[in-house]
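Here is the structure we will look at, set down as structure tokens.
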Amino acid sequence: MSEPDVFAALANPTRRELLRLLLEQGEQPVQRLADHFDMRRPSLSEHLRALKDAGLVGERPVGRQRLYSLRPEPLREVADWLGPYERLWRGRLSALGDVLDELPDE
């Protein structure tokens, strides 16, 4: 897994929604995940494969089904990478707030 793989996986709204479902509802079979989307199951499986290749989901076989679960570790790496940018924007927004506070009320 590399950062570009994770960012490419996260760029797609369907994949972000899959991660949200796995976060909120835990491990699920592909059919239960597919019920949330208006797409054919093979298309959804491609999205799950991209998430798996990026290390964002795990897959385990149970009988004839495959269960998918969230693997949040790569998201921590993304959050760590974004940290300095978040601090930059918080500082700028704070400075903007200070300027707005100094403006006379109308």
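FYI, it's all coordinate maths here, none of it is from the lab. Quantities reported herein were computed from a predicted structural model and do not represent experimental measurements. Please note: Cβ atoms are built from the backbone with ideal geometry, for glycine as well, and neighbour counts cover all protein chains shown.
Name the trypsin sites (Lys or Arg not before Pro) in region 1-93 that are in a loop by DSSP and that have at most 16 other C-beta atoms within 10 Å, would you? Working shown, then result.
Working: sites: Arg15, Arg16, Arg20, Arg32, Arg40, Arg49, Lys52, Arg64, Arg66, Arg76, Arg87, Arg90, Arg92; in loops: Arg40, Arg64.
Listed in order of number, the matching sites are Arg40, Arg64.
With +1 on each Lys and Arg Cβ and -1 on each Asp and Glu Cβ, how big is the dipole of the chain about its Cα centre, in debye rounded to the nearest 20? The partial results should precede the final answer.
Numbers: 16 positive and 19 negative charges, 210 e Å.
That gives a dipole near 1020 debye.
Along the charge dipole of region 3-102, Cβ charges K/R +1 and D/E -1, which of Gly91, Gln28, Leu70 sits furthest on the positive end?
Among Gly91, Gln28, Leu70, the one farthest towards the positive end of the dipole of region 3-102 is Gln28.
Could you please rank Ser45, Ser94, placing first whichever residue has the fewest other Cβ atoms within 10 Å of its Cβ? Intermediate values should be presented prior to the final figure.
Working: Ser45 15, Ser94 9.
Result, fewest neighbours first: Ser94, Ser45.
Once every DSSP H run of n ≥ 4 in the chain is given -39500 (n - 2.57) and the sum is divided by its residues, what mean residue ellipticity at 222 nm do you get, rounded to the nearest 500 deg cm²/dmol? Present the calculation step by step, with values, prior to reporting the outcome.
On the way: 5 runs with 69 residues, N = 106.
That comes out to -21000 deg cm²/dmol.
Quick one: angle between helix 13-25 and the longest Cα principal axis of the chain, in degrees between 0 and 90, rounded to 10, please.
Helix 13-25 sits at roughly 80 degrees to that axis.
Answer with a single label: of [x] 38, 16, 11; [y] 20, 16, 12; [z] 28, 13, 12, which was calculated as semi-axes √(5λ) of the Cα gyration tensor in Å from the structure in view?
After the calculation, the listed value that fits is [x].
Work out, step by step, the length gained on full extension between Glu17 and Asp101: first 0.36 nm times the residue separation, then minus their alpha carbon distance; give nm to one decimal.
On the way: separation 84, 0.36 × 84 = 30.24 nm, distance 3.84 nm.
Additional length available on full extension: 26.4 nm.
Would you look at the GNM of the chain, springs on alpha carbons closer than 10 Å, and say which of Pro13, Pro29, Pro74 moves the most?
In this elastic network of the chain, the residue with the biggest mean-square fluctuation among Pro13, Pro29, Pro74 is Pro13.
Can you give the angle from 0 to 90° between the axis of helix 73-102 and the longest principal axis of the chain, with both taken from C-alpha atoms, to the nearest 10?
Roughly 20 degrees, rounded to the nearest 10.
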